[in-house]
Amino acid sequence: MTSKLQKTFEFHEAFEMIEQLRVMFQVQAKQERFETLNAFTDCKMAEGSSMSVHVLKMKAYVEQLARLGYPFGDELATDVILASLPKSFNQFVMIFTMNDWERSINELHNTLINVEASIKKFGNN
């Protein structure tokens, strides 16, 4: 806590201090949640860019939302990540959803590493 903030709450009881701090930072937290959720759902991987970097970025958004008190389950996070992939991953996404596979984000990331290697090796037919 900064010295200015400490001085502000110098003569307050703990409960009153917590309530005032909550009110002070609630607006900031809502704004951060909105911006993070917006960035997460708007994030699209460019064709030919690194899938690994993209998934790690998406995972960071999921982790940030959880820290803000709004955790995404793996299933919903996986859906958003799959929807963010470029057309070269369409066949994989179709197979993944048709087979109703369940993966954690880390498992999905590892699977996508292999898929990306196959796409680079054989192309997307």
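The values are calculated or read from the model by the stated rules, or taken from the named source; none is laboratory data. Nothing here was measured: the structure is a model prediction, and the numbers come from that model. Methodologically, a virtual Cβ is constructed for each residue, glycine included, from the backbone with ideal geometry; neighbour enumeration extends over all protein chains shown. The area values use the complete protein model at the heavy-atom level, side chains included, leaving out ligands, DNA and RNA. Shrake-Rupley method; radii C 1.70, N 1.55, O 1.52, S 1.80 Å.
Observations on the model:
- The stretch 29-80 shape via C-alpha gyration tensor axes, a/c threshold 1.5: prolate
- Local electrostatic count, VAL93, Cβ distance below 12 Å [Lys/Arg +1, Asp/Glu -1]: 0
- Peptides ranked, highest mean first, by Cβ atoms within 10 Å: ranges 113-119, 99-105: 113-119, 99-105
- Added length on full extension, which subtracts the Cα-Cα distance from 0.36 nm per residue, SER52 to GLN6: 12.2 nm
- Within the chain, helices built from complete DSSP H runs that reach 27 Å or longer along their own axis (Cα positions) and carry a mean Kyte-Doolittle hydropathy of -1.0 or higher are 14-42.
- For ASP79, the solvent-accessible surface with a 1.4 Å probe is about 80 Å², rounded to the nearest 10.
- Under the criterion of Cα pairs below 8 Å and six or more residues apart, the relative contact order for the stretch 41-125 equals 38 percent.
- The convex hull of the Cα atoms of the chain, projected and averaged over all directions, covers 9.9 nm².
- Pairwise centroid distance, computed over Cα atoms, of the stretch 21-52 with the stretch 63-112, Å: 17
- Electrostatic bookkeeping for GLY73 treats Lys and Arg as +1 and Asp and Glu as -1; over the other residues with beta carbon under 11 Å from its beta carbon, the sum is -4.
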